[in-house]
Amino acid sequence: MLQKVKDRVGESIGCCGLLQGKLREYKVPKGVNILYTLGIVTLIAYMVQAVSGYFLLIYYIPHPDHAFKSIQEIMNVVPFGWLLRMMHIVISNLMVVIILLHLVSIFVMLAYKKPKELTWVAGVCLLFITLIFCLSGYLLPWSQRSLWATTIVTNIPTAFPIIGDNIANVLRGGENVSGITLSRFFALHVAFLPPIFLSIVGFHVFLVKQMGLSSPPFNAQGETAAEGYPFYPYFLLKQVFMIMVFFSVVFFMITFMQPFFIQEAANTPADPFKTPVHIKPEWYFLAPYQMFKIIPNKFFGVSLQILLAAVFLLWPFFETKEGKNIFKRPWLFAFFILVLAAWLALTVWGKYS
Ligand code: HEM
């Protein structure tokens, strides 16, 4: 009976052909593992951020006199406001973690190699935009933590001679982080960044669909997606499984780790005249922040970071050597471990220095 109903509904909206045609006939390489699902998990994370963000917008007031109060109202008065806000905070951190895992898995599997160079470039742009989402969103609660962490980050451009102060002034809308900065960051967070992010994700996923997923380097050499398994059910079920793992982690963190995400300084209203003793940027900015701190010449420090970011963005155009198995490329593998260790060391140093 149920099968009859399913067939009848399928026929009337013509989705059977779609399912058959598109999802079963689209092939993925044999041996694709759960690491190949991190991109789609990131996309789902972004969608949850958008939906929870829209609900927060109903009660949030982007004004220095009201922002902090409206957030406290969301946390303590609005039904399930605390859940929506905690989802938004937890997923903003988790999204960066998942993108970094996606990035590392792409690097280890050398899945950026020709013809995937542009997919990589689009991916790095998505990482940078996600970090700007985090930076702009961070100021919106207008707490001591958000005010002073934003002051630290918006001070970095001042290291540039001549134009530095102007860049910082444009970012802040004046000498200091103020109500103007709040409305600029609010506009950035809810109006400018979303369409840019979605168009680059569209381009990124379009490129992946056009060229097919790269086959895992441990597969028999030369085996392509065409010789692989159907997307549905083989790969779709892996994606659904990882999305469920993602949500379990989100709700575990919301239930058992709230104090980790909302410390005391985040529950204190912003006071531009009272500089807290210890203020650090969020964990994902600690490595560049510590690097900036240890290099005495500020201009050199910032220029070096911009150069590293440019090399990172265009990496596939520099690393063109043949060979798809990183374990057969000892120099590249050593370089990868070195960069990862340096990033971890700077982050930990930044946290405890
Ligand atoms: C918001 C951030 C991102 C989203 C939503 C995203 C989404 C996706 C999706 C859906 C795929 C298909 C396979 C999968 O699901 O994993 C994919 C593949 C890919 N992504 Fe991303 N991605 C993001 C960030 C990045 C970053 C930061 C990089 C690299 C720096 C990157 C490079 C790639 C490459 C090279 C592939 C092709 C992999 C292959 O052919 O096997 N992506 N991405």
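The values are calculated or read from the model by the stated rules, or taken from the named source; none is laboratory data. Given the structure is predicted, the values throughout are model-derived calculations rather than measurements. Neighbour counts are summed over all protein chains in view; Cβ atoms, including those assigned to glycine, are modelled from backbone coordinates with ideal geometry. These area figures cover heavy atoms from the full protein model, side chains too; ligands, DNA and RNA do not enter into them. Shrake-Rupley method; radii C 1.70, N 1.55, O 1.52, S 1.80 Å.
A few points about this structure:
- Residues in the range 150-181 that are touching a residue at least 24 places away in the same chain (Cβ under 8 Å) and either in contact with a His (Cβ under 6 Å, 6 or more places away or on another chain) or over 19 Å from GLY301 (Cβ atoms) (or both): 6 in all.
- Output for the range 165-181, where each listed residue is open to solvent by 30 Å² or more (accessible area, probe 1.4 Å) and of a type in the set (A, V, I, L, M, F, W, C): ILE167, VAL170, LEU171, ILE180
- Subset tally (residues that are among the aliphatic types (A, V, I, L, M) and open to solvent by 70 Å² or more (accessible area, probe 1.4 Å)) for the range 249-290: 1
- Any chance PHE128 is within 14 Å of the ligand (Cβ to nearest atom), of a type in the set (Phe, Trp, Tyr), under 17 Å from GLU282 (Cα atoms) and buried (at least 18 other Cβ atoms within 10 Å of the Cβ): no
- Enumerated helices (runs of 4 or more DSSP H) restricted to the range 283-332, each holding at least 2 residues that are free of Cβ contacts under 8 Å to residues at least 60 places away in the same chain and of a type outside the set (Phe, Trp, Tyr): 283-294, 298-313
- Here ALA187, ALA122 are screened, and the one residue that is more than 16 Å from the ligand (Cβ to nearest atom) and open to solvent by less than 40 Å² (accessible area, probe 1.4 Å) is ALA187.
- Exactly one residue out of LEU193, LEU236 is surrounded by 12 or more Cβ atoms within 10 Å (Cβ to Cβ), outside any loop (DSSP other than H, G, I, E, B), at negative phi and at pLDDT below 95, and it is LEU236.
- PHE292 vs. criteria under 21 Å from LEU101 (Cα atoms) and out of contact with any strand residue (DSSP E or B) (no Cβ under 7 Å at 6 or more places or on another chain): no
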